[in-house]
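Engineer: Take this structure, written in structure tokens, and hold onto it; I'll ask about it next.
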Amino acid sequence: PPLPPRPSSVLMPVALVVYLLFRSGESNHTIGLDGRRPRFDLGVGATLAAIIGGAGLGLYLIAHALGISLTVVVSNIPAYWWRDPVLVLSAAQNALLEEVVVVGYLLTRLRQFNWSDNRALAASAFLRGSYHLYQGFGGFLGNAILGLIFGRMFQLRGRVKPLVIAHTLIDAVAFVGYVELVGHVSWLPA
């Protein structure tokens, strides 16, 4: 069998964010990327994942049926024993990258530049939606809405870790669920 995909340098921006925080006299605690509140982070993250993941799946299916969302194939990894763990790690990687850089760091810096919370939130959500345009307009819209929800939660709580947990769970269920269910259930676009 082929070897699993090699780790990429996708997490380098996360390391850069932590470095930049320390360089400016702050730390990963500034954006709530720490282990200070594990129960809170896990509880909020799991609750968000359940609510947003369920709603997101429903909206995706509706958008796909209306023709405003593409069929997104989450993986072309062959069905070897390591496929599902790789997909879960990929979900965690995506979550760390997006939530730390686009929510935690960007919103923190925009606030320090005296942007209003609403203006900063709109910019962060628009950015998040924009780099999901490869999924079609539905992908843009859904991710922009997710950006508004996650961004506001960060602005209110100052913690990015529950968002990383929620995003990881949402993507892990979507990635693994897709590869395990596609072709076996009629309602999942292939």
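Values quoted throughout were computed directly from the atomic coordinates according to the rules given, and no laboratory measurement underlies them. On a predicted model such as this, the values are computed, not experimentally measured, just so you know. FYI the Cβ positions are ideal-geometry reconstructions off the backbone, even for glycines, and counts take in every protein chain you see.
Engineer: Highest mean first, how do 111-120, 15-24 rank when packing is the count of other Cβ atoms within 10 Å averaged over residues?
Structural biologist: 15-24, 111-120
Engineer: Which length gain, in nm to one decimal place, applies between residue 134 and residue 157 when the Cα-Cα distance is subtracted from 0.36 nm times their residue separation?
Structural biologist: Taking residue 134 through residue 157 to full extension adds about 5.2 nm, to one decimal.
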